[in-house]
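Below: the structure, in C-alpha cells.
None of the figures in this text is laboratory data; all of them are computed from the coordinates on show. The structure presented is a predicted model; accordingly, all values stated were derived computationally and were not measured. Here the Cβ is made from the backbone with ideal geometry for all residues, glycine too, and neighbour counts use every protein chain on show.
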Amino acid sequence: MAGRLAGKVALITGGASGIGEATAKLFAQEGAKVVVADVQTDKGKEVVKAIRAARGKAAFVKANVVREGDAKRMVAFTVKRYGRLDILFNNAGVENSKPEVETSIQEWDKVMDVNVKGVFLGTKYAVPEMKKSGGGSIINTSSIFGLIGSPGFAAYHASKGAVRLLTKSTALAHAGDQIREGQGLPLLTRQGLFERIADQIALAGRDARAGRCESIRRVAAETEKTRQARDLHDPVKSLRLEFRQQLAQYLEPAAIEG
Ligand SMILES: NC(=O)c1ccc[n+]([C@@H]2O[C@H](COP(=O)([O-])OP(=O)(O)OC[C@H]3O[C@@H](n4cnc5c(N)ncnc54)[C@H](O)[C@@H]3O)[C@@H](O)[C@H]2O)c1
C-alpha cells in the first residue's frame, strides 16, 4: 500500500480506541505496518481486523504500558513481527477529573503511572531499536491540559505537563541519533476519555472563541471581570473566567471537533 508512511513500522499504545484507534487506521492507510498495543484485547483485535479488511497490515499485542516487562515485550514483538521500529506513538492515557483534595493516592498514582511512566518506558525501550535502524519518530500525547490549568483534574494536568517536558528532554537527548520527538496537544474529541464532559467544555470553548474573535477590548473586559470576581472573593467564578481566558489563547476556530 503506497502512502506517506510506506515501508514504516509504527507501534501505537492505547491503539484500541479513540485517538489511538483513529491513528492506527490512518497510519495503515498511509502504508505503515501497525502494531496496536493496549490492555483491551477484544477492542484492539477489532481495530486490527478493520485495518486488515481495508488491506492494511496490522497486529495486536496486549501490553500494559505501566509494566516494564510489557513495554519491553511490545517493542520486541514489533521488531520480531515487522523487522524494525520507525514510529512510536505513546498515546495510552487515563483521566481523573478530581481536584487535589478529593484525589486519593491510588487515583494520583494511576494517572501518573499510565500517562507519564508509560511514556517513559515506551521511549526507554524504543530508542535502542530506532538507533539500530538509523533513527525514528516518537510522538507523545500530551493535552491542552498540559498547557493550561483548570479547576479540577489535578493529577491529569500534572501528568500532561510532565509529558510535555519529557518530550522536550527526549528530543534533545536523542537529536544526534536521528530520532525526532513530537507531541500532540489535543483539545477535545467527542469520543474517548472526555466524552462525558465534551459538551460542557465545548460550550466554554465556544464562548472563549467568540471572546477572542470580537476584539482585544473584550479580552480586556474579561480580565477586568476576573479581577472584580477576585475582589468579590468568589474563587469559583474567578477561576472559571481565568480558565476561559487561558483556553482562548490556545483555541483556533477548528480546534473543537464536532
Ligand atoms: N479525547 C480527548 O479529548 C483528549 C484530549 C487531550 C488529550 N487526550 C489524550 O489522548 C490520549 C488518548 O485518549 P482518548 O481520548 O483516545 O481515550 P480512549 O479512552 O478512547 O483511549 C485510551 C486508550 O488507552 C488504553 N489504555 C489505558 N490504560 C492503559 C495501559 N495501562 N496500558 C495500555 N493501554 C492503556 C485504553 O484501553 C484505551 O484504549 C490520552 O493520552 C489522553 O489523555 C485526549
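Quick rundown of the values:
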| item | result |
| --- | --- |
| Solution diffusion estimate, µm²/s, Stokes-Einstein, segment 9-186, Kirkwood Rh from C-alpha pairs, 4 °C, viscosity 1.567 mPa s | 80 |
| 27 Å Cα-Cα threshold exceeded, pairs from Lys43/Lys132; Lys45/Lys110; Lys25/Lys62; Lys57/Lys110; Lys80/Lys160 | Lys43/Lys132; Lys57/Lys110; Lys80/Lys160 |
| Filtered trypsin sites (Lys or Arg not before Pro), segment 38-103: DSSP coil and at most 12 other beta carbons within 10 Å | Arg55 |
| Counted charge near Gly146, where neighbours are those whose Cβ lies closer than 10 Å (Asp, Glu -1; Lys, Arg +1) | +2 |
| Segment 132-193: radius of gyration and largest Cα-Cα distance (Dmax), Å | 13.7, 45 |
